[in-house]
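**Student:** Attaching a single structure in structure tokens format; questions to follow.
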Amino acid sequence: MGELKTNYGENVECKCAKVNMPNVEIGADECEVNDDRPNKDLLKHLQSLVECPVCLGSIRTVPVSCCPSGHVVCTDCRSQLVSCPVCRTVYPSLQLVSHLAAGIIDKIPHPCKFKAYGCSQSLLLSSLPAHETSCSFRLVSCPNILCDLKISLAGLYRHMIVNGCASQHDLKVTSSMPSVSTVLMTGRVKNVDELLYKIPLVFSYEGNMFLVIKKQSADMIQFSASILGSPEQGRQFMVSIAVFSERMPCNVVEYKGFANSVDGPVWCALSVHKDHMGELLDQVEENEFQQKFKYHYKVKISRNE
């Protein structure tokens, strides 16, 4: 019989089966399971004991709520329930908690919260936060200002191309510096504000995908380059962005810095005040879309030595 403790400090007897764990070595900082089928099945069973039957997520925090029969549920789901989702027993007025589940939680690997998006990693709770922060399947916001979807990082590139949320361009190797590749972007706008709605530029370099994003921050227009990856990966590359007027070559602003992470803080960016951005646009003949200004910016990228 398992022991339950109410939030009033009282002990309540609960019909929870005890679990024997032969051939499983469990320590405070590591969890080692012999690589044979019975123990893999045992680990799966232990993980199932701390899986919420409502949201199917792995319960990671204590205390672990349960019903009088010992069926556990996560804290978020428990707050929305009046009866057990497994046996339909009405929850008593005193909240019951499972010490059995609490004893298991920090002793076994838990699947990454992005498992549904393709991640197969299972780690101890002490290692999960660092992994999930940089998981290749984590959810990120689409960088297109007109798209408010959150997409798994692994599928972000395909989403942007298929849905027209970004424009892909090929880099050109600089003849004078073979290690540096460049891409030149030009386009037309009605005014400075329309520039913000031009879709992001996406390109590939050394097997990695990069984005050039434009957004407004207060009265500044910000140009930044980001890698579809982690901040650590971004620091391996040096990116420069130059915004310039073709007719007035002296009108140019440029920055050089590391590539940011697509969902991390923007450490390196080129910021231009909206009032000054007009000096970097060339006035041209108005087209059928009433666009009479042309913009230019050049992106250079190289491996950070």
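The values are calculated or read from the model by the stated rules, or taken from the named source; none is laboratory data. Note that this is a predicted model, so its numbers are computed, not measured. Cβ placement follows ideal geometry from the backbone for every residue including glycine, while neighbour counts extend to all protein chains displayed. Accessible surface areas use protein heavy atoms only, side chains included; no ligands, DNA or RNA. Shrake-Rupley method; radii C 1.70, N 1.55, O 1.52, S 1.80 Å.
**Student:** Taking the Cα centre of region 134-211 as the origin, how large is its charge dipole in debye, to the nearest 20, when only Lys and Arg (+1) and Asp and Glu (-1) carry charge on their Cβ atoms? Let's see the in-between values first.
**Tutor:** Values: 7 positive and 5 negative charges, 16 e Å.
Roughly 80 debye for region 134-211.
**Student:** Taking R0 as 51 Å, what FRET efficiency do you get between ASN251 and LEU123 from their Cβ-Cβ distance, rounded to the nearest 0.05? Walk me through the numbers before you get to the answer.
**Tutor:** On the way: r = 52 Å, r/R0 = 1.02.
Rounded to the nearest 0.05, the efficiency is 0.45.
**Student:** Mind listing the phi-derived Karplus ³J(HN,Hα) values for region 49-54, rounded to whole Hz, using 6.51, -1.76 and 1.60 with θ = phi - 60°, and x for any glycine or proline?
**Tutor:** Per-residue couplings from phi come out as 5, 10, 9, 5, x, 8 Hz.
**Student:** For the residue pair LYS198 and TRP267, what label-to-label distance in nm results when each label sits 7 Å from Cα along the Cα-to-beta-carbon direction?
**Tutor:** Those two pseudo-labels are separated by 2.8 nm.
**Student:** Taking only protein heavy atoms and a 1.4 Å probe, what accessible area per residue, in Å², does region 104-178 have with all protein chains in place? Present the calculation step by step, with values, prior to reporting the outcome.
**Tutor:** Values: 4350 Å² over 75 residues.
With all protein chains present, region 104-178 gives 58 Å² per residue.
**Student:** Based on the alpha-carbon gyration tensor of the chain and its eigenvalue square roots a ≥ b ≥ c, which shape applies: rounded if a/c is under 1.5, prolate if not and a/b is larger than b/c, or oblate? All intermediate terms of the calculation are to be shown ahead of the outcome.
**Tutor:** On the way: a/c = 3.69, a/b = 2.45, b/c = 1.51.
Cα axes put the chain in the prolate bin.
**Student:** What distance in nm separates the simple spin-label points at CYS77 and SER141, each placed 7 Å from Cα in the Cβ direction?
**Tutor:** The answer from the label model is 3.0 nm.
**Student:** In debye, nearest 20: dipole of the chain around its Cα centre with unit charges on the Cβ of K, R (+) and D, E (-)? Intermediate results must be reported in sequence, preceding the final value.
**Tutor:** Working: 30 positive and 31 negative charges, 86 e Å.
Dipole magnitude for the chain comes out near 420 debye.
**Student:** How far, in degrees from 0 to 90, does helix 153-162 lean away from the longest principal axis of the Cα atoms of the chain, to the nearest 10?
**Tutor:** Relative to the chain, helix 153-162 is tipped by roughly 40 degrees.
**Student:** Further, regarding this structure: Going by accessible area, probe 1.4 Å, with all protein chains left in place, what is the ranking of TYR297, TYR197, largest first?
**Tutor:** Working: TYR297 5, TYR197 120 Å².
The ranking, largest first, comes out as TYR197, TYR297.
**Student:** Give LYS150/LYS294; LYS40/LYS150; LYS190/LYS214; LYS198/LYS292; LYS172/LYS256; LYS150/LYS292 a once-over and call out the pairs whose C-alpha atoms are over 24 Å from each other.
**Tutor:** Working: LYS150/LYS294 32 Å; LYS40/LYS150 34 Å; LYS190/LYS214 16 Å; LYS198/LYS292 15 Å; LYS172/LYS256 18 Å; LYS150/LYS292 34 Å.
Cα-Cα > 24 Å for LYS150/LYS294; LYS40/LYS150; LYS150/LYS292; rest within.
**Student:** Given springs between every Cα pair under 10 Å in a Gaussian network model of the chain, which of LEU124, LEU81, LEU43 has the largest fluctuation?
**Tutor:** In the Gaussian network model the winner is LEU81.
**Student:** If I take every Cα pair under 8 Å that is 6 or more residues apart in the chain, average their sequence separation and divide by the length, what percent do I get for the relative contact order? Mind showing how you got there, number by number?
**Tutor:** Numbers: 583 pairs, mean separation 37.4, N = 305.
So the answer I get is 12 percent.
**Student:** I'd like the distance separating the alpha-carbon centroids of region 194-256 and region 135-175, in whole Å.
**Tutor:** Here the two parts' Cα centres lie 14 Å apart.
**Student:** Using a 1.4 Å probe on the protein chains only, how many percent of the accessible area of region 67-221 belongs to carbon and sulfur?
**Tutor:** Numbers: 4350 of 8170 Å².
Accessible surface attributable to carbon and sulfur in region 67-221 totals 53 percent.
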